[in-house]
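Report on the structure given below.
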């Protein structure tokens, strides 16, 4: 017998959410969604959540179990029972609950809309279909598997502190068009995606990779857009300057010159940006934490430079 | 125990106390480190933004150097650990890609074979049966009464298929080490979250907010100090703590330690010997707790 500790919320009856416990015998083979249905059908008909396909295709039943988002229909209930015989169920994070485990997806969809999630070819439509080679399709294969379940959005560390971030799902969807051989707006897209709230605000935590129930794995897609943005010369922002400065630093010495990177990242003519670096710089200097002024190269740095040359960097 | 030590750049730069305390820990435990002086920066997941093949070539070169030394590789930075494992995965799972990478390395006299050496974070080494046994034998000054909160760093945990921890949502490796050192582990939700450092140049407010939330969570859970295995997390949580204070209405001041500092403290080294006086947030309160 397992205890399901479920976060309940019904603003029509009570302003604050609360936890309610249900005891359930998890029979062999029951998915978490089967367990939720059993609770709803036999213990409390008012228990509210979204569901549809039961086959990890529709993306409706994403919830938080034991603090992390997942698709309820894709996981065995028994596998989620903790040592104390409980499973904690909560609504997805970073979105407002409507009732129990159902949340308001409006900000999620608004951000998908923002990235223009449709093909924008330059030429007129051909009489027949637009063809792609297997190699061209492979570039967008993973991102096209996204089922918009919101699991990545829920656990994104940046969205927890900054609503302006487009978030992993919208950015993964953006990669699907940025690297689509049939699309004609690559440059415009990466320019938009390089603005505040876009690709360079991703903090590399890879929570989205961990939570994604499909091969879409947004963090990897975000990195692919970054590479395209740099290739396209969209470099007038701190994120791009940081990547270029970092890469240049390793080329010249084999290691990172921490004195130069912050300055080059904010821009050497950005007086305010440079001024903002002063407090932490001085603080570290007076503590003796500033990196050595004369940056030392690694042994055999010539081999590193040769690798850069060979790869046209 | 003898390993090839991949120091990473930050332990030689802004967090030299990490390098110092790593060598003291090794000395106290009888572990031999051979520094990989010709290994390049791992790229921190940033060089790969510019050129993924370049990042993999540089890291495969590092792995090849460890193979030449015939030593398992040890990192002291969560980011280095995650990035080297990522390259190892890219190259080991695609024979054609491995050949392409090796063609780049060939002229420099290196060849990455794969499967010959292990890539482990120092915390993973200490967490092995042999490492834990060594710690038990060598602890001279148990850290009794010190409530210690782990901050793992994203790259040693996620993606989980590259992690050496069994349960990346609820890891216990660092806490097991704390217990052997005599300290009391503090479990709190934010210990597996991001410190915000990767976006400190792009979105400062969000970065500090992430770090601040983690610190508040640790302090509210009763921590006397936060211990991390990542020098980038250390910079975010320690060097920027005054900025974090300004942003958060709920102030909190908590010392941040590198894992090797905590280990070496228990081995009997003084806080000065471990460079703890160079931290932005004072660690003197910890000495008082340990003196009680």
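The values are calculated or read from the model by the stated rules, or taken from the named source; none is laboratory data. Since the model is a prediction, treat every value here as computed from it, not as a measurement. All Cβ positions, glycine included, derive from the backbone under ideal geometry; neighbour counts span all protein chains shown.
Somewhere in region B:164-182, is a residue surrounded by fewer than 21 Cβ atoms within 10 Å (Cβ to Cβ) and under 19 Å from residue B:90 (Cα atoms)?
yes
On the basis of being modelled with pLDDT of 95 or more, in contact with a strand residue (DSSP E or B) (Cβ under 6 Å, 6 or more places away or on another chain) and more than 13 Å from residue B:119 (Cα to Cα), does residue B:32 make the cut?
It is true that residue B:32 is modelled with pLDDT of 95 or more, in contact with a strand residue (DSSP E or B) (Cβ under 6 Å, 6 or more places away or on another chain) and more than 13 Å from residue B:119 (Cα to Cα).
Hey, does region B:76-90 have a residue that's without any contact (Cβ under 8 Å) to a residue 60 or more places away in the chain and either part of a strand (DSSP E or B) or within 13 Å of another protein chain (Cβ to nearest Cβ) (or both)?
yes
Against the conditions (1) closer than 23 Å to residue A:152 by Cα; (2) modelled with pLDDT under 95, where does residue A:1 fall short? Just the number, please.
The single condition residue A:1 does not satisfy is (1).
Return the residue satisfying two criteria in turn: it lies in region B:78-91 and is out of contact with any strand residue (DSSP E or B) (no Cβ under 8 Å at 6 or more places or on another chain) and crowded, with 16+ Cβ neighbours inside 10 Å, and of such residues it is farthest from residue B:159 (Cα to Cα).
B:91
Quick one: in region B:3-53, which of the residues that are at the interface with another protein chain (Cβ under 7 Å from one of its Cβ atoms) and out of contact with any helix residue (DSSP H, G or I) (no Cβ under 8 Å at 6 or more places or on another chain) is surrounded by the fewest Cβ atoms within 10 Å (Cβ to Cβ)?
Only one residue fits best here, namely B:37.
Take the residues in region B:207-247 that are within 20 Å of residue B:122 (Cα to Cα) and part of a helix (DSSP H, G or I); name whichever of them is nearest to the chain's Cα centre (by Cα).
Among those residues, the one meeting the criterion is B:231.
Only one of A:262, A:215 is at the interface with chain B (Cβ under 7 Å from one of its Cβ atoms) and surrounded by fewer than 20 Cβ atoms within 10 Å (Cβ to Cβ). Can you tell me which?
The unique qualifying residue is A:262.
Just to be sure I understand, how many residues within region A:75-100 are out of contact with any helix residue (DSSP H, G or I) (no Cβ under 8 Å at 6 or more places or on another chain) and modelled with pLDDT of 95 or more?
Number satisfying all stated conditions: 13.
Could you tell me whether any residue of region A:190-203 is modelled with pLDDT of 95 or more, within 13 Å of another protein chain (Cβ to nearest Cβ) and under 18 Å from residue B:160 (Cβ atoms)?
yes
How many of the residues making up region A:272-313 are within 17 Å of residue B:14 (Cα to Cα), part of a helix (DSSP H, G or I) and at the interface with chain B (Cβ under 8 Å from one of its Cβ atoms)?
Summing the residues that are within 17 Å of residue B:14 (Cα to Cα), part of a helix (DSSP H, G or I) and at the interface with chain B (Cβ under 8 Å from one of its Cβ atoms) in region A:272-313 gives 4.
Among the residues of region B:99-120, is there at least one that is within 11 Å of chain A (Cβ to nearest Cβ), farther than 29 Å from residue B:29 by Cα, in contact with a strand residue (DSSP E or B) (Cβ under 7 Å, 6 or more places away or on another chain) and without any contact (Cβ under 8 Å) to a residue 40 or more places away in the chain?
Scanning region B:99-120 turns up no residue that is within 11 Å of chain A (Cβ to nearest Cβ), farther than 29 Å from residue B:29 by Cα, in contact with a strand residue (DSSP E or B) (Cβ under 7 Å, 6 or more places away or on another chain) and without any contact (Cβ under 8 Å) to a residue 40 or more places away in the chain.
Considering A:117, A:168, A:91, A:121, which residue is touching a strand residue (DSSP E or B) at 6+ places or on another chain (Cβ under 8 Å) and either in contact (Cβ under 8 Å) with a residue 60 or more places away in the chain or crowded, with 23+ Cβ neighbours inside 10 Å (or both)?
A:91
Consider region A:44-80. How many of its residues are in a strand (DSSP E or B) and within 14 Å of chain B (Cβ to nearest Cβ)?
Qualifying residue count for the region: 5.
So which residues in region A:127-150 are surrounded by 11 or more Cβ atoms within 10 Å (Cβ to Cβ) and assigned to a loop (DSSP other than H, G, I, E, B), if there are any at all?
A:130, A:132, A:142, A:146, A:147, A:148, A:149, A:150
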